[in-house]
Amino acid sequence: MSAPTSSLPSFSLPVADAAFVRDPYPLLSRLRAEQPVFFDPGMNRVVLTRHADISAVLRDRRFGRSALHRFSRDELGWPLPDPRQANFDAFNSNHLLDSEPPKHTRLRSLVGLAFTPRRVEALTERIEAILEAQLRDLGRAGPFDLVEGYAEPLPVTVIAELLGVPQQRRDRLRPWSAAIVKLYEPAPTPADQDEAERAVLDFSALLRELVAQRRAAPQDDLITALVQAEENGDRLTEQELIDTCILLLNAGHEASVNGLTAGVLALQRDRRHWEALVAQAHAPDSLPVFRRAIEELLRFDTPLPMFERIVLEPLTLRGAELRPGDRVSLLYASGNRDPERFEAPDELRLDRDPNPHLTFGLGIHYCLGAPLARLELALSLRALCRALPDLRLVNPQEPGQYTGGFVIRGLARLDVQAG
């Protein structure tokens with residue numbers, strides 16, 4: 001993509017700058033006010049910062065997650081695929097996130113037959129039992145890392161149990177997920193590509209084995225449900241099934257881990273909010289309170305700050321003349337702090353209602369795993385408030401270390417202590 005024919009200002013978003021990743025909101029606020037739409041020459045795309053513009057693009061079918069269902073790479077002026085990430089690219093071509101109708105419609109319908117709200121809600125008691133076991137000894141021996149000690153184990157365990165991955169085969173799931181999602185950052189390194197390729201191959205091999213077992217001996221798990229999902233005689237292919245399972249782990253894990261740790265950090269920075277939740281944590285009807293709090297925490301510090309859409313038809317966007325294949329970045333983290341959409345957007349208000357944040361997207365690509373992420377996050381936060389009501393940051397001045405990525409932004413470490 002060359003710079004669009006327009007008077008758009010040019011600005012390079014510092015997505016690799018540690019200070020920006022740590023706190024992107026002052027710059028996003030300035031951009032939203034001064035140049036809400038700009039061309040980023042480094043990422044080679046138009047960038048949107050305002051809630052209304054982002055919402056409009058997410059609902060506009062002239063934008064998609066892929067363009068290769070309509071055009072060849074030659075027609076789009078895209079380079080040939082990078083052979084160093086052939087398996088990652090094949091994985092991306094077979095799942096919901098990067099497909100478009102009619103393929104997306106078919107995949108979402110079939111996956112939706114298996115990944116139902118009832119199946120998600122049925123996990124409540126099991127999630128609570130997992131959390132109780134995690135928290136039993138946590139915090140008694142002094143400071144601990146909330147990321148590794150609490151936030152990371154739960155979503156991997158839940159997705160593994162949901163899918164039906166045996167206990168003895170789960171140790172590689174988190175490293176595989178962490179390796180794969182690095183390729184969603186703007187400039188992955190050759191080492192990142194190599195690690196992601198190995199992760200896709202190894203994860204696929206495990207799932208292929210499990211799919212074969214479920215065909216022979218069905219069980220009460222999601223892999224079996226996906227194997228058996230049928231609509232008008234149509235079923236998922238084996239590769240579609242495998243890539244769907246990988247996507248569920250990657251998407252569900254990153255949003256849950258980063259959402260919880262960023263949320264706890266926000267609550268600890270203003271302990272009035274933490275203490276308000278602690279005061280309600282043991283009430284028998286407290287879960288709705290924590291569900292509402294999670295919505296605000298996901299708005300306030302967005303765990304997946306930037307997504308993209310690809311132009312499918314010639315169009316004009318805010319004065320920019322765009323062609324098929326051009327890319328548009330949507331700064332969810334900025335839209336979620338837009339004063340045109342949210343009153344006092346830089347304030348944390350746990351009872352904010354309504355709360356039309358963009359964190360799970362909009363339109364046909366609205367996050368299929370949002371109900372599971374919301375349930376995990378609400379239960380995790382409530383359990384933490386119940387078990388460690390006097391939780392505090394070890395070092396409030398320098399509380400956390402970030403992973404370094406912006407597209408998938410999260411804390412690598414958050415040291416806390418009880419008392």
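Summary table below
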| read-out | value |
| --- | --- |
| Breaking point among (1) closer than 26 Å to Ser29 by Cβ; (2) in a loop (DSSP other than H, G, I, E, B), for Ala412 | (2) |
| Single residue of segment 393-419 satisfying the filter (among the β-branched types (Val, Ile, Thr) and under 16 Å from the mean Cα position of the chain (by Cα)) that is nearest to Phe144 (Cα to Cα) | Thr403 |
| Count of residues meeting criterion [in contact (Cβ under 8 Å) with a residue 24 or more places away in the chain, of a type outside the set (Asp, Glu) and part of a helix (DSSP H, G or I)] in segment 361-392 | 19 |
| Whichever residue in segment 131-184 is part of a loop (DSSP other than H, G, I, E, B) and of a type in the set (Asp, Glu) and, among such residues, is nearest to Leu372 (Cα to Cα) | Glu152 |
| Residue check for Thr116: under 22 Å from Gly252 (Cβ atoms), surrounded by fewer than 19 Cβ atoms within 10 Å (Cβ to Cβ) and among the β-branched types (Val, Ile, Thr) | yes |
| Hits in segment 208-241 (condition: closer than 18 Å to Asp89 by Cα and surrounded by 18 or more Cβ atoms within 10 Å (Cβ to Cβ)) | Glu240, Leu241 |
| Count of segment 277-292 residues which are charged (D, E, K, R) and touching a residue at least 24 places away in the same chain (Cβ under 8 Å) | 2 |
| Of residues in segment 185-195 being touching a Lys or Arg at 6+ places or on another chain (Cβ under 6 Å) and outside any loop (DSSP other than H, G, I, E, B), the one most open to solvent (accessible area, probe 1.4 Å) | Asp192 |
| Residue ID - most open to solvent (accessible area, probe 1.4 Å), chosen from residues in segment 61-109 that are assigned to a loop (DSSP other than H, G, I, E, B) and among the acidic types (Asp, Glu) | Asp82 |
| Criterion: aliphatic (A, V, I, L, M), out of contact with any Cys (no Cβ under 9 Å at 6 or more places or on another chain), under 30 Å from Lys182 (Cβ atoms) and part of a loop (DSSP other than H, G, I, E, B) - qualifying residue of Leu358, Leu350, Leu330 | Leu358 |
| Which numbered condition Pro26 misses (of (1) in contact (Cβ under 8 Å) with a residue 12 or more places away in the chain; (2) more than 22 Å from Leu362 (Cβ to Cβ); (3) open to solvent by 10 Å² or more (accessible area, probe 1.4 Å); (4) not acidic (Asp, Glu)) | (1) |
| Tabulated pairs, segment 326-352, first more than 22 Å from Phe63 (Cα to Cα), second at pLDDT below 95, C-beta under 8 angstrom, 6+ apart or interchain | Leu348/Asp270 |
| Criterion (at pLDDT 95 or above and at negative phi) met by exactly one of Ala191, Ala266, Ala196, Ala225 | Ala266 |
| Close pairs (7 angstrom Cβ cut-off, 6 or more residues apart or separate chains): without any contact (Cβ under 8 Å) to a residue 40 or more places away in the chain in segment 29-58, open to solvent by 30 Å² or more (accessible area, probe 1.4 Å) and among the hydroxyl-bearing types (Ser, Thr, Tyr) anywhere | Phe38/Ser10; Pro41/Ser10; Pro41/Ser12 |
| Top-ranked residue in segment 110-125 [being part of a helix (DSSP H, G or I) and not hydrophobic (A, V, I, L, M, F, W, C); ranked as nearest to Val181 (Cα to Cα)] | Gly112 |
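Conditions tested, residue by residue: (1) surrounded by 16 or more Cβ atoms within 10 Å (Cβ to Cβ); (2) touching a Ser or Thr at 6+ places or on another chain (Cβ under 6 Å); (3) farther than 15 Å from Ser329 by Cβ; (4) not hydroxyl-bearing (Ser, Thr, Tyr).
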position: Leu13; (1), (2), (3), (4): yes, no, no, yes
position: Asp17; (1), (2), (3), (4): no, no, yes, yes
position: Val21; (1), (2), (3), (4): yes, no, yes, yes
position: Ala33; (1), (2), (3), (4): no, no, yes, yes
position: Phe39; (1), (2), (3), (4): yes, yes, no, yes
position: Asn44; (1), (2), (3), (4): no, no, no, yes
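The values are calculated or read from the model by the stated rules, or taken from the named source; none is laboratory data. Computed from a prediction, not measured in an experiment: that's the story for all the values here. Neighbour counts run over all protein chains shown; Cβ positions are idealised from the backbone, glycine included. With ligands, DNA and RNA removed, areas are computed over all heavy atoms of the protein, side chains included. Shrake-Rupley method; radii C 1.70, N 1.55, O 1.52, S 1.80 Å.
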